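Structure first, commentary second.
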Amino acid sequence: MLIRKPNDIPSSEITSQSAYLNRRNFISGAAAAGAMALGADRVGQLVDPTSKVYAGTKLETVTSPLSTTGETLTTLKDITSYNNFYEFGSDKGDPARYAGKLQTRPWTVSVEGLVKNKKTFDIDMLLKLVPLEERVYRLRCVEAWSMVIPWVGYSLSEFIKRCEPLGSAKYVQFLSLADPKQMPYMKTVSLNWPYSEGLRMDEAMHPLTLLTFGLYGEALPNQDGAPVRLIVPWKYGFKSAKSIVKIRFVAEQPHTAWNDMAPREYGFYSNVNPDVDHPRWTQRNERRIGEAFYKQRRATLMFNGYGDQVAQLYTGMDLKKNF
Ligand SMILES: Nc1nc2c(c(=O)[nH]1)N[C@H]1C(S)=C(S)[C@@H](COP(=O)(O)O)O[C@H]1N2
Ligand SMILES: [Mo]
C-alpha cells in the first residue's frame, strides 16, 4: 500500500510550539535528563485510583443553541491523549501521562483587580452558578491541527457579570495553577509561569467564550485543564488557559505566557486567521486529529468558522498587525 504524505505541507515545515522550549532544554541538558527520570517515575502513578476521583464525574447539562453542528466529534481517546499542557511536558502524550496526580479539590478561583466583588470562589460553587450547557466547538491549535469537542460549561459573561467589574477594567487576565510539586515540567519548560492569558473585556463577555468544567458530559480530565479552563473557540487553542486559579480585571493589555516567549510568533489577539501565517508555517489549513495522515488537510476558516458571531468585535482593526 502506498502511504502518501499530506500533499500540501511537508511535515518538516510544521514544528511545534515547543521548538523554542526544546532548544532551551537542550542547553540545560542535565536538568532535562533529571526531569525525564522523574517523568518515568511518575508513570506508575497513573494507576493510583485517588487521582481519578473528580475527573470523570457526570455533569448535568442543558443543550445550547450555540453548539456547532454538522461536525464529527473527535473521540474521547484522542481528546485525552493528544494534549498541550506544558506544565506536564511538551510532548502530546505527556499530559495524559503526568497530569493524573494533579489535585483538583479543594480548588478555588480568586477574583482580583478592578472589580467590586473581589471574591474567592470555591470550584463547586462556581460549577453551580448557572446551569451547565453542552457546547460543541472546534478547537484549532496554532500548530495547525484541530479537534471537535463537546465541552461543558457556561458563558464566562455569566461569571463576569457577578464579579461586577469597574468601568476601568478593559481586559481580563487568566492565570493557571503553578505548582512545581504537582507539575513536573515547570522547571524544564521555560515558559513564563504561571501560564497567563488574556482577553479584551468585550471578547471575555462574548457569549461564545465558555468557562469550561467538562467534556463529553463529564468533569474535565486533568490533562484537559481540570477543574476549570477557558475555551475561546475563534482563537488559537493557546488562548484557552487550563486549570485556572486566578481571574484578574485590569486596565492594560496583560502579558501572556506565549507572547513573552516569542512575541513575533504569538500575538495577543491570536484570532484564527488563514491569511496570517505563523512565521515558521502556514495557517491556511489544518489536520483534524483522528483522521488519517494521508487525508487532504482541511482549509482553516477565518475565526475558526465563528466569524458570523465574532467578526464585529474587530471592525476597523488591522488583523495582520493585531495578529
Ligand atoms: N495552563 C496551560 N493552559 C494551556 C496550555 C498550557 O500549556 N498550559 N496549552 C494551550 C494550548 S497550546 C492548547 S492547543 C490548548 C489544548 O487544550 P486540549 O489539550 O484540552 O486540547 O490548551 C491551552 N491551554
Ligand atoms: Mo495550541
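The values are calculated or read from the model by the stated rules, or taken from the named source; none is laboratory data. All of these numbers come straight from a predicted model, not from anything done at the bench. Every residue, glycine among them, receives a Cβ derived from its backbone with ideal geometry; neighbour counts consider all protein chains shown. Only protein heavy atoms, including side chains, enter the accessible area calculation; ligands, DNA and RNA are left aside. Shrake-Rupley method; radii C 1.70, N 1.55, O 1.52, S 1.80 Å.
Under 26 Å from Q103 (Cα atoms), open to solvent by 10 Å² or more (accessible area, probe 1.4 Å) and either under 16 Å from the mean Cα position of the chain (by Cα) or not polar (S, T, N, Q) (or both): is that true of P194 in this structure?
Working: under 26 Å from Q103 (Cα atoms): yes; open to solvent by 10 Å² or more (accessible area, probe 1.4 Å): yes; either under 16 Å from the mean Cα position of the chain (by Cα) or not polar (S, T, N, Q) (or both): yes.
The answer is yes for P194.
Among the residues of region 163-184, those identified as in contact (Cβ under 8 Å) with a residue 24 or more places away in the chain, open to solvent by less than 50 Å² (accessible area, probe 1.4 Å) and away from ligand 2 (no atom under 16 Å from the Cβ) are C163, P165, A169, Y171, V172, Q173, L175, L177, A178, Q182, M183, P184.
Would you point out the residue of region 207-235, among those that are aromatic (F, W, Y) and either open to solvent by less than 10 Å² (accessible area, probe 1.4 Å) or farther than 19 Å from R140 by Cα (or both), that is nearest to ligand 2 (Cβ to nearest atom)? Here the answer is W234.
Out of region 144-162, which residues are over 18 Å from R229 (Cβ atoms) and open to solvent by less than 10 Å² (accessible area, probe 1.4 Å)? Explain how you work it out, then say what you get.
Our first condition is that a residue be over 18 Å from R229 (Cβ atoms); within region 144-162, this holds for 144-145, 161-162.
If the condition is that a residue be over 18 Å from R229 (Cβ atoms) and open to solvent by less than 10 Å² (accessible area, probe 1.4 Å), then A144 is the only one that fits.
Within region 77-86, one or more residues are under 24 Å from E291 (Cβ atoms), open to solvent by 20 Å² or more (accessible area, probe 1.4 Å), among the polar types (S, T, N, Q) and in a helix (DSSP H, G or I). Within region 121-141, residues that are under 25 Å from S110 (Cα atoms) and assigned to a loop (DSSP other than H, G, I, E, B) reach partners that are among the β-branched types (V, I, T) and open to solvent by less than 30 Å² (accessible area, probe 1.4 Å) with beta carbons closer than 8 Å, at six or more positions or on different chains, in the pairs L132/V152. Just one of the numbered conditions (1) outside any loop (DSSP other than H, G, I, E, B); (2) more than 16 Å from ligand 2 (Cβ to nearest atom); (3) aromatic (F, W, Y) is not true of F293: (1).
Here R287 fulfils each of the conditions (1) under 20 Å from E71 (Cβ atoms); (2) in a loop (DSSP other than H, G, I, E, B) apart from (2).
Of all residues in region 236-250, at least one satisfies being away from ligand 2 (no atom under 16 Å from the Cβ), of a type outside the set (A, V, I, L, M) and open to solvent by 20 Å² or more (accessible area, probe 1.4 Å). Only one of the numbered conditions (1) open to solvent by 40 Å² or more (accessible area, probe 1.4 Å); (2) in a loop (DSSP other than H, G, I, E, B); (3) away from ligand 1 (no atom under 16 Å from the Cβ) is violated by S67, and that is (1).
With more than 10 Å from ligand 1 (Cβ to nearest atom) and without any contact (Cβ under 8 Å) to a residue 12 or more places away in the chain as the only criterion, which of P263, P274 stands out? Even if it seems obvious, please write down each step before you answer.
Values: P274 fails: without any contact (Cβ under 8 Å) to a residue 12 or more places away in the chain.
Criteria check complete, one pass: P263.
Entry remark, region 211-260: residues being within 11 Å of ligand 1 (Cβ to nearest atom) and on the phi > 0 side of the Ramachandran plot number 2 in total.
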